[in-house]
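Below is one structure, written out as structure tokens; the observations come after it.
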Amino acid sequence: MSTAHAEHSSSYRSYVVGFLLSVVLTVVPFWLVMSDATNNIALALTVIFVLGGIQILVHVHYFLHVTIKVEQGWQAMSLMFTAMLLVIILAGSIWVMLHLEDNMMPAHEQ
């Protein structure tokens with residue numbers, strides 16, 4: 001009975017920690033943009049992308065419970081796949097934002 005209670009308590013604690021980290025990792029970029037804390041767009045984008053990447057890893061660890069230690073490496077492979085997708089998504093998003101102005105249709109001058 002106490003083992004089941006300990007597992008439930010540990011799981012509940014994991015969800016609470018994950019939720020609190022997710023809230024902080026969401027509020028900080030929101031505050032950065034809404035309060036005009038910095039005029040440097042590159043710095044703001046860097047902070048947003050770094051905290052967004054960290055938030056993805058927080059979700060994978062605390063809510064999906066993916067760790068390197070169990071199931072003979074299958075979760076480690078899943079974690080590497082998540083990291084690879086994270087890099088592709090972040091790099092692709094940055095690439096699109098940097099080249100968006102160059103690829104926009106020109107305005108018709110009349």
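The values are calculated or read from the model by the stated rules, or taken from the named source; none is laboratory data. Worth saying up front: this structure is predicted, and the values here are computed from it rather than measured. As a convention, Cβ positions derive from the backbone with ideal geometry for all residues, glycine included, and neighbour counts pool all protein chains shown. Note: areas computed on protein heavy atoms with side chains; ligands, DNA, RNA excluded. Shrake-Rupley method; radii C 1.70, N 1.55, O 1.52, S 1.80 Å.
Computed quantities for the displayed model
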{"quantity": "Filtered residues of the range 38-92 (kept if touching a helix residue (DSSP H, G or I) at 6+ places or on another chain (Cβ under 7 Å), without any contact (Cβ under 8 Å) to a residue 12 or more places away in the chain and aliphatic (A, V, I, L, M))", "calculated": "68"}
{"quantity": "Scope the range 55-70; condition surrounded by fewer than 15 Cβ atoms within 10 Å (Cβ to Cβ) and in a helix (DSSP H, G or I); matching residues", "calculated": "63"}
{"quantity": "Search result, residues across the range 1-28 that are modelled with pLDDT under 85, assigned to a helix (DSSP H, G or I) and open to solvent by 80 Å² or more (accessible area, probe 1.4 Å)", "calculated": "2, 3, 5, 7, 8"}
{"quantity": "Total residues in the range 79-100, condition closer than 25 Å to residue 64 by Cα and open to solvent by 50 Å² or more (accessible area, probe 1.4 Å)", "calculated": "8"}
{"quantity": "Matching residues, the range 29-41, being open to solvent by 60 Å² or more (accessible area, probe 1.4 Å) and assigned to a helix (DSSP H, G or I)", "calculated": "30, 31, 33, 34, 41"}
